[in-house]
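> Below is one structure. I have some questions about it.
Throughout, read-outs are computed from the coordinates displayed, never taken from laboratory work. Only a predicted model underlies this, so the values are computations on that prediction, with no experimental measurement involved. Backbone-built Cβ (ideal geometry, glycine too); neighbour counts: all protein chains shown.
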Number of protein chains: 2
Amino acid sequence: MSDGKDSLDLSGLGAAIPNSNGLDPKVRKRVEKLREIQGQHDELEAKFFEERAALEAKYQKLYEPLYSKRYEIVNGVIEVEAESAGETPAEQKSGEEKGVPAFWLNAMKNHEILAEEIQERDEEALKYLKDIKWYRISEPKGFKLEFHFDTNPFFKNSVLTKTYHMIDEDEPILEKAIGTDIEWYAGKCLTQKVLKKKPRKGSKNTKPITKTEDCDSFFNFFSPPQVPDDEEEIDEDTAEQLQNQMEQDYDIGSTIRDKIIPHAVSWFTGEAAQDDDFEGLIDGDEDDYEEDEDEDDEDEESEDDHDTKKTKGAAGGDGQQGERPAECKQQ
Amino acid sequence: MSDGKDSLDLSGLGAAIPNSNGLDPKVRKRVEKLREIQGQHDELEAKFFEERAALEAKYQKLYEPLYSKRYEIVNGVIEVEAESAGETPAEQKSGEEKGVPAFWLNAMKNHEILAEEIQERDEEALKYLKDIKWYRISEPKGFKLEFHFDTNPFFKNSVLTKTYHMIDEDEPILEKAIGTDIEWYAGKCLTQKVLKKKPRKGSKNTKPITKTEDCDSFFNFFSPPQVPDDEEEIDEDTAEQLQNQMEQDYDIGSTIRDKIIPHAVSWFTGEAAQDDDFEGLIDGDEDDYEEDEDEDDEDEESEDDHDTKKTKGAAGGDGQQGERPAECKQQ
């Protein structure tokens with residue numbers, strides 16, 4: 001973050017005012033003074049962004065021991081005592097369930113957006129998920145998700161990560177997303193299906209022909225859409241498709257960061273989904289909540305002037321800062 | 001904001017765990033402990049939201065004197081001294097331009113989203129705009145925009161307001177928007193066009209027939225889309241259209257709040273538009289910015305599975321909190 005000197009220089013009386021041709025000299029003088037005031041504002045605003053980031057970091061630190069305890073209980077590192085509700089190091093009896101089985105799988109499956117990503121084939125592998133964590137990154141700005149897995153028969157990696165590089169922290173415009181290459185064990189890859197075809201009659205080849213085909217899987221999350229180096233090479237339809245894919249990919253990542261990680265227990269029990277909006281309840285906003293049975297009926301966005309405009313504006317950095325646009329609730 | 005007791009009660013050991021049928025009693029005990037930990041987290045989180053709101057309020061207060069000075073210069077309440085760059089109460093010479101003429105009109109016209117809303121017919125009226133302010137409101141949550149107008153020949157009101165009621169502050173789901181009824185002077189209404197037709201030949205009526213018709217105007221912003229009381233009455237297409245209109249309406253409002261009000265001078269001079277993203281520059285992020293000539297080519301969102309899902313999720317309160325979703329930058 002700059003010390004604000006840049007913005008002061010920018011608004012100094014000596015700098016030329018763009019679009020000032022034809023301004024009356026008196027008006028021009030006033031605009032120069034206004035730019036000085038704007039510079040003072042922008043210095044303050046930079047401090048606000050700094051303080052807000054520090055506040056978030058402070059709370060992330062306060063959440064940390066709670067997340068650790070959650071990890072220990074979920075994975076059976078400690079045992080909750082029946083009578084005193086205290087904890088002791090877990091002594092595993094053979095055949096007994098350890099911790100809370102399939103905790104993260106079930107937490108994610110209770111969230112609408114993530115439920116659509118998780119295929120039946122994925123579930124067995126996702127039961128090995130021990131923890132999900134996230135961190136802000138600063139160079140470039142963005143955040144990183146870490147999926148910690150127990151030793152499992154599907155892939156070799158113990159941690160799968162997904163990193164989002166943003167154009168700017170306060171107006172999150174996604175630059176690119178990067179995922180871990182999953183080292184699948186032979187025949188265990190969940191993002192591809194192997195199709196076996198019998199060879200044609202009369203063919204010299206008597207072995208079945210195998211063909212692999214990409215398929216739906218939660219683990220495709222670790223192979224995010226790639227933006228080609230040369231943007232000019234892609235046609236309009238491809239660009240539009242890519243934009244949609246990247247938005248969907250960011251939706252999944254930010255849901256895991258903002259919903260699943262902080263409220264995993266409430267998602268596991270289903271309370272978060274029941275509440276429609278969990279934060280609201282904590283804030284004592286119960287009155288604001290209504291169950292809208294009809295919400296799912298018709299929510300597609302159509303190709304209309306608005307969408308064009310909105311996306312244009314955002315691509316040009318004109319979206320609002322620090323807050324996502326409202327989705328409209330019909331009641 | 002609650003004192004957190006609600007969320008503690010909710011997570012108490014005595015409360016029933018939803019979806020807990022079939023849980024092994026030992027696992028159930030662990031989940032009960034996890035809910036207690038979640039309750040502690042949620043108490044902390046409520047404090048975080050409180051502190052973040054206080055931080056924002058603190059800075060809004062710090063910006064206030066700068067906005068006042070801006071107001072005084074823009075409207076010629078004080079005069080900027082040529083030599084000392086100080087200010088004195090403005091002494092208006094007849095025929096001389098006062099303050100910075102058409103300041104807010106030009107600031108808004110330099111923003112892509114707002115430029116599309118402002119019709120040529122609107123410009124004369126928008127020159128009377130003296131100030132735009134915003135405030136958070138708490139019951140219900142949301143924010144209010146105030147447009148302060150000088151005495152003008154178009155309408156009687158001196159202040160036009162637009163209020164957004166949100167379902168929740170941290171997951172801004174728009175509930176409804178309310179605008180001031182504009183008291184147009186006769187024949188001055190900018191949101192309607194009067195069409196005059198000559199009466200048919202031979203008709204008894206010899207006066208021209210006048211017909212009023214709604215037309216595009218920035219001032220339609222004060223007549224936001226209305227959500228019908230009974231949601232079930234509207235069909236799918238209408239619901240979709242309404243959703244889009246509300247999103248567009250919120251886009252305009254949040255652009256004015258987050259872009260125009262804090263950086264009006266930079267929008268007036270065109271610097272904000274040039275910078276692609278103004279906050280980024282202040283934060284010293286110049287390196288992150290590229291001019292993307294191709295961005296406007298193909299930004300329509302198509303009706304595809306993703307859009308359906310995304311909107312569904314958001315309507316169900318499942319969007320990410322406190323940050324808007326990324327728009328994807330292709331490079």
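> Report the semi-axes of the equivalent ellipsoid for region B:32-101 in whole Å, largest first, where each axis is √(5λ) for an eigenvalue λ of the Cα gyration tensor.
Whole-Å semi-axes of the equivalent ellipsoid: 52, 10, 6.
> With 16 Å as the cut-off, how large is the P(r) tail for region B:200-253, expressed as percent of Cα-Cα pairs?
Looking at region B:200-253, the distances longer than 16 Å represent 61 percent of pairs.
> Between the label point of B:ASN205 and that of the same position in each other copy, find the distances and list them shortest first in nm, with every label point placed 7 Å from Cα along the Cα-to-C-beta direction.
Relative to the other copies, B:ASN205 has label-point distances of 8.1 nm.
> Neighbouring Cβ atoms within 10 Å as the yardstick, rank A:SER223, A:SER138 fewest first.
A:SER138, A:SER223
> With a ≥ b ≥ c taken as the square roots of the eigenvalues of the C-alpha gyration tensor of region B:65-221, please select rounded if a/c is under 1.5 and otherwise prolate if a/b is larger than b/c or oblate if it is not?
Numbers: a/c = 2.83, a/b = 1.35, b/c = 2.09.
Oblate shape, in that a/c is at least 1.5 and b/c is the bigger or equal ratio.
> Next up: Can you list the distances in nanometres, one decimal and ascending, from the B:ASP150 label point to the identical position in each other copy, with the point 7 Å along Cα to Cβ?
Listed shortest first, these distances are 7.3 nm.
> Taking each label point as 7 Å beyond Cα in the direction of the beta carbon, state the distances from B:GLY22 to the same residue in the other copies, shortest first, in nm.
So the label point of B:GLY22 gives 7.3 nm to the other copies.
> So which lysines can B:LYS58 reach, going by Cα to Cα under 21 Å and dropping same-chain residues fewer than 8 places off?
A:LYS47, A:LYS58, B:LYS47, B:LYS69, B:LYS133, B:LYS141, B:LYS144, B:LYS259
> Assuming a ≥ b ≥ c are the square roots of the Cα gyration tensor eigenvalues, decide whether region A:146-242 counts as rounded (a/c under 1.5), prolate (otherwise, with a/b larger than b/c) or oblate.
Here region A:146-242 falls in the oblate category.
> While we're here: Just tell me which lysines come within less than 17 Å, Cα to Cα, of B:LYS197; anything on the same chain fewer than 8 places away is out.
Reachable lysines: B:LYS207, B:LYS211.
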